[in-house]
Every structure is written in structure tokens, then in C-alpha cells.
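Q: The structure's right below; bear with me while I get my questions together.
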Amino acid sequence: MAFPTNRILSGIQPTGNLHLGNYLGAMKNWVAMQDGYECMFCIVDLHAITAWPDHVDVAQSSREVAAGMIASGIDPDSSALFIQSHVPAHAQLAWLFNCVTRLGWLSRMTQFKDKVGKNREKASSGLMVYPNLMAADILVYKATHVPVGEDQKQHLELARDIAQKFNVDTGKDVFPLPEPVIRGPGTRVMSLRDGLRKMSKSETSDMTRINLTDSADAIADKIKRAKTDPEILPGHVEDLAGRPEATNLINIYAALADMRVEHVVSEFAGQGFGEFKPALAEVAVSVLGPIAERMAVLLDDPAELDRVLASGAEKANGLAESVLAEAYDAVGFLARG
């Protein structure tokens, strides 16, 4: 089977409310990619249960994520939008990769070490091998490109290593070596209460993040209360060094307004946060308000959401089953009659 030339695979976990970091760090970029790539967007519910049993209502969260993606601009008519567990080939290929991947490779995964800390013996085996499932998510579609942030580069490198080892060991050129698509500036959104911590669904305080379902008043209030410093905004980007909260808010403004950070700094140079925060709130509400409204409409019709996801799964299964069959043949399994 020939490799595709321009196929994107990316996914997001259904583990709670979508927030501004998800939008700017992933979905906004995915929307733009639809014009230049064949896109596969996966709601990775299998990954969501690796911290067993501390997971949310996965079914409802999956619908919320699907609604957020569509409301943000993902077009399910042109891109495949689907639930990971609705395509069994993900888990089936992951088992092959469990057998291909060396334990030494997995033990070097920094995210695993960060997540388990000193509780390694209590971590689930799923958490240990989830990079193999991530590789299967990508390679079961022979995806050629994967949008990645800094914290995901190591996992894509592992996927490339797995693909190469599988091809070499079987003597069959089954999988491409996927290339990273590096996200643009302003995509690593930090907490509104700590400019050194990434904005996260898991933070206890809702004031640390802007949810995609927040009202205009809630957005404005969270930005008003966002941590800053007493200094005015500088005239040059390099003068933001050592000011993480100021840097974060300026990056958010630039990303939401589709402006270069340098232009934002120039526009607000010499002003205090009393002037900047209302401007940031205005642009945030103008972008996120329509998304929240569209999400509410979509979530009011779960049957239609389920129909869209079923259609996406049908597309995905058609591709994945043929790739899995090719991988099984390369391993030497007896084909089903």
C-alpha cells in the first residue's frame, strides 16, 4: 500500500472542560490545517483512562470535546472526527507495538516519569505503554504529519522509532516516518494565576483558566483577576524577560487577535495592566463568545453529535482496517478466511 503524502492525525483527551489552552494550543491550528492536509481528528478516550480509576464521565466529556471542536471550526464533512475507541484497530495495532517497543525506550519517556513521580510502582501499565498507543493512533492511518508541541516531541520521535523498527524487523515498508508540524507562537498558554505553569483542566481553581463555555462576564472577570506584576508594559519583547505573567497575557492577546507579539507590545507600550486587561477581555470575548454559543446548540442535540461521530468513525475504520491487515500480514499472522 502506498503512503499518503499529506495526512494529519491529531487527538485530544476527553478529560474535562475545554479551555483556552486547548483552543490556542491545538484546535485553532487544526482548523487552519484543514485547507492543506487530509485531516484525522481523534477524541482519545482510551488514553483518558490510563490514570485508573480517576477519570470523568468519558461519554459526556467526549461529546463536549466534539462540540468544542466543531464550534471552533473543525468541519466533520471534510475532516474525519471520531472517537478513538470506536476504531478497534488503534488498540489492535498498539499491541503489536507493545511487542516491538523496547522497555528502555519507554523508561526514558519524560512525561511518564513526570506523571508517576515517586509512585512508579502504583502506576498503571497503561500509563507506561500509552506512548505505544499514541504511535498506533498515528501509524494506523499512515499519517505523514503530526502537530506537536514541545512536550510531545519525544512521543513523536518514539513513533518514528517504532515505525522504523517494525519496517526493518519485518522486511516490509509498512509505515511512513511521520514528520512534526511545529505549532506557531502563542500556543503554550499558561495559568492565569501562575505564569510558569501550563493552563490545565486539572487545576483545582477555575480561576486559573478560561473555559470555552465561560460567559462573557466570566471571561472578563478571570482576566481582570489574572496575576500580573506592578510594572508597565515594555516597548520591546526582550524586555518581557523575567515577567512570566505579563508574557502570558500578551501571548494570549497576540494569538487571539492573530497579531505578532511584537505588534502587541508596540501597541500597548507604556500602558499598565489596567488599560491592557480590558482590551484583552474584549478580544477574548469576541473570539470565544461565538464558540460557546455554538457549543451550547450542539450539546442540546446529542443524537446529532453521535451521528457525526459515527460518520467519522466509519471513515476512520475504512482506512485503519486496511493498514492493520497490512501490518498483520507483515508480522506473519494467518489471514482471516
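The values are calculated or read from the model by the stated rules, or taken from the named source; none is laboratory data. These numbers come from a predicted model, not from an experiment. In this analysis, Cβ positions are derived from the backbone assuming ideal geometry, glycine residues included, and neighbour counts consider all displayed protein chains.
One line per residue, one yes/no per condition, for (1) assigned to a helix (DSSP H, G or I); (2) buried (at least 22 other Cβ atoms within 10 Å of the Cβ):
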| site | (1), (2) |
| --- | --- |
| MET27 | yes, yes |
| GLY36 | no, no |
| SER61 | yes, no |
| PRO76 | no, no |
| SER85 | yes, no |
| CYS99 | yes, no |
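Q: Does the stretch 243-260 contain at least one residue that is over 20 Å from MET27 (Cα atoms), touching a Ser or Thr at 6+ places or on another chain (Cβ under 8 Å) and either among the aromatic types (Phe, Trp, Tyr) or crowded, with 18+ Cβ neighbours inside 10 Å (or both)? Step through it out loud before you land on a result.
A: Restricting attention to the stretch 243-260, the residues satisfying the condition of being over 20 Å from MET27 (Cα atoms) are 243-247.
Subsequent filtering for residues that are touching a Ser or Thr at 6+ places or on another chain (Cβ under 8 Å) retains 245-246.
Narrowing the set further to residues that are either among the aromatic types (Phe, Trp, Tyr) or crowded, with 18+ Cβ neighbours inside 10 Å (or both) leaves 245-246.
Yes - at least one qualifying residue is present in the stretch 243-260.
Q: Identify, by number, the condition in (1) modelled with pLDDT under 95; (2) touching a Leu at 6+ places or on another chain (Cβ under 6 Å) that LEU334 doesn't meet.
A: Unmet for LEU334, out of (1) modelled with pLDDT under 95; (2) touching a Leu at 6+ places or on another chain (Cβ under 6 Å): (2).
Q: Also, I was wondering about something else. Restricting the stretch 166-189 to residues that are over 23 Å from VAL331 (Cβ atoms) and crowded, with 20+ Cβ neighbours inside 10 Å, which is modelled with the highest pLDDT?
A: So the first thing to find is which residues in the stretch 166-189 are over 23 Å from VAL331 (Cβ atoms), and the list is 179-189.
Remaining after also requiring crowded, with 20+ Cβ neighbours inside 10 Å: 186, 189.
Details: GLY186: 46, VAL189: 93.
Filtering the stretch 166-189 for residues that are over 23 Å from VAL331 (Cβ atoms) and crowded, with 20+ Cβ neighbours inside 10 Å, the one modelled with the highest pLDDT comes out as VAL189.
Q: Determine, yes or no, whether GLU282 is within 24 Å of TYR23 (Cα to Cα), touching a Lys or Arg at 6+ places or on another chain (Cβ under 8 Å) and part of a helix (DSSP H, G or I). Can you show your working first?
A: Details: within 24 Å of TYR23 (Cα to Cα): yes; touching a Lys or Arg at 6+ places or on another chain (Cβ under 8 Å): no; part of a helix (DSSP H, G or I): yes.
The answer is no for GLU282.
Q: Return yes or no: is VAL146 modelled with pLDDT of 80 or more, buried (at least 18 other Cβ atoms within 10 Å of the Cβ) and within 15 Å of LEU96 (Cβ to Cβ)? Don't jump to the end; show me each part of the working.
A: Values: modelled with pLDDT of 80 or more: yes; buried (at least 18 other Cβ atoms within 10 Å of the Cβ): yes; within 15 Å of LEU96 (Cβ to Cβ): no.
No; evaluated as a whole, the condition is false for this residue.
Q: Can I ask one more? Determine the pairs where a residue that is in the same structural domain as CYS39 (by TED's automatic domain parsing) and among the polar types (S, T, N, Q), located within the stretch 136-156, has a partner that is at pLDDT below 95 and in a helix (DSSP H, G or I) with Cβ atoms under 8 Å apart, the partner being 6 or more residues away or on another chain.
A: GLN154/THR110; GLN154/GLN111
Q: Also, quick follow-up: Restricting to the stretch 205-255, name every residue that is small (Gly, Ala, Ser) and touching a Leu at 6+ places or on another chain (Cβ under 7 Å).
A: Taking the stretch 205-255 as the starting set, the residues that turn out to be small (Gly, Ala, Ser) are 205, 215-216, 218, 220, 226, 235, 241-242, 246, 254-255.
Scanning the stretch 205-255 gives ALA226, ALA246, ALA255.
Q: While we're here: Out of the residues in the stretch 196-242 meeting the condition of being farther than 16 Å from GLY21 by Cα and of a type in the set (A, V, I, L, M), tell me which one is surrounded by the most Cβ atoms within 10 Å (Cβ to Cβ).
A: Only one residue fits best here, namely LEU233.
Q: Starting from residues that are of a type in the set (A, V, I, L, M, F, W, C) and touching a strand residue (DSSP E or B) at 6+ places or on another chain (Cβ under 8 Å), keep the ones in the stretch 149-165 and report whichever is surrounded by the most Cβ atoms within 10 Å (Cβ to Cβ). Give the derivation first.
A: Quick first cut of the stretch 149-165, residues of a type in the set (A, V, I, L, M, F, W, C) only: 156, 158-159, 162-163.
Right, trim to touching a strand residue (DSSP E or B) at 6+ places or on another chain (Cβ under 8 Å) and you get 156, 159.
Details: LEU156: 22, ALA159: 24.
In this case the residue turns out to be ALA159.
Q: Are any of the residues in the stretch 25-46 of a type outside the set (Lys, Arg), over 18 Å from the mean Cα position of the chain (by Cα), modelled with pLDDT under 95 and outside the structural domain of ALA257 (by TED's automatic domain parsing)?
A: Applying the first criterion (of a type outside the set (Lys, Arg)) to the stretch 25-46 yields 25-27, 29-46.
When the remaining residues are screened for being over 18 Å from the mean Cα position of the chain (by Cα), the result is 35-36.
The next check asks that each one be modelled with pLDDT under 95; those that pass are 35-36.
When the remaining residues are screened for being outside the structural domain of ALA257 (by TED's automatic domain parsing), the result is 35-36.
Yes, because at least one residue in the stretch 25-46 is of a type outside the set (Lys, Arg), over 18 Å from the mean Cα position of the chain (by Cα), modelled with pLDDT under 95 and outside the structural domain of ALA257 (by TED's automatic domain parsing).
Q: So, one more: From ALA327, ALA335, ALA296, grab the single residue that is of a type in the set (A, V, I, L, M, F, W, C), out of contact with any Ser or Thr (no Cβ under 7 Å at 6 or more places or on another chain), under 30 Å from THR170 (Cβ atoms) and part of a helix (DSSP H, G or I). Before you say what the answer is, go through the steps one by one.
A: Numbers: ALA335 fails: part of a helix (DSSP H, G or I); ALA296 fails: under 30 Å from THR170 (Cβ atoms).
Of ALA327, ALA335, ALA296, the one residue that is of a type in the set (A, V, I, L, M, F, W, C), out of contact with any Ser or Thr (no Cβ under 7 Å at 6 or more places or on another chain), under 30 Å from THR170 (Cβ atoms) and part of a helix (DSSP H, G or I) is ALA327.
Q: Could you grab me the full set of residues in the stretch 101-125 that are part of a helix (DSSP H, G or I), at pLDDT 85 or above and among the β-branched types (Val, Ile, Thr)? So that I can check it myself, show each step before the final result.
A: Narrowing the stretch 101-125 to residues part of a helix (DSSP H, G or I): 103-107, 110-116, 120-122, 125.
This time we only want the ones that are at pLDDT 85 or above, so: 103-106.
Matches in the stretch 101-125: none.
Q: Further question: Consider ALA136 carefully, then state whether it is assigned to a helix (DSSP H, G or I) and at pLDDT below 95.
A: Details: assigned to a helix (DSSP H, G or I): yes; at pLDDT below 95: no.
So ALA136 fails the test.
Q: Separate question: Identify, by number, the condition in (1) among the small types (Gly, Ala, Ser); (2) touching a Leu at 6+ places or on another chain (Cβ under 9 Å); (3) under 20 Å from ASP221 (Cα atoms) that ALA327 doesn't meet.
A: (3)
Q: Out of ALA67, ALA71, ALA51, ALA94, report the one residue that is among the aliphatic types (A, V, I, L, M) and not in a helix (DSSP H, G or I). Steps first, please.
A: Working: ALA67 fails: not in a helix (DSSP H, G or I); ALA71 fails: not in a helix (DSSP H, G or I); ALA94 fails: not in a helix (DSSP H, G or I).
Being among the aliphatic types (A, V, I, L, M) and not in a helix (DSSP H, G or I) holds for just one of ALA67, ALA71, ALA51, ALA94, which is ALA51.
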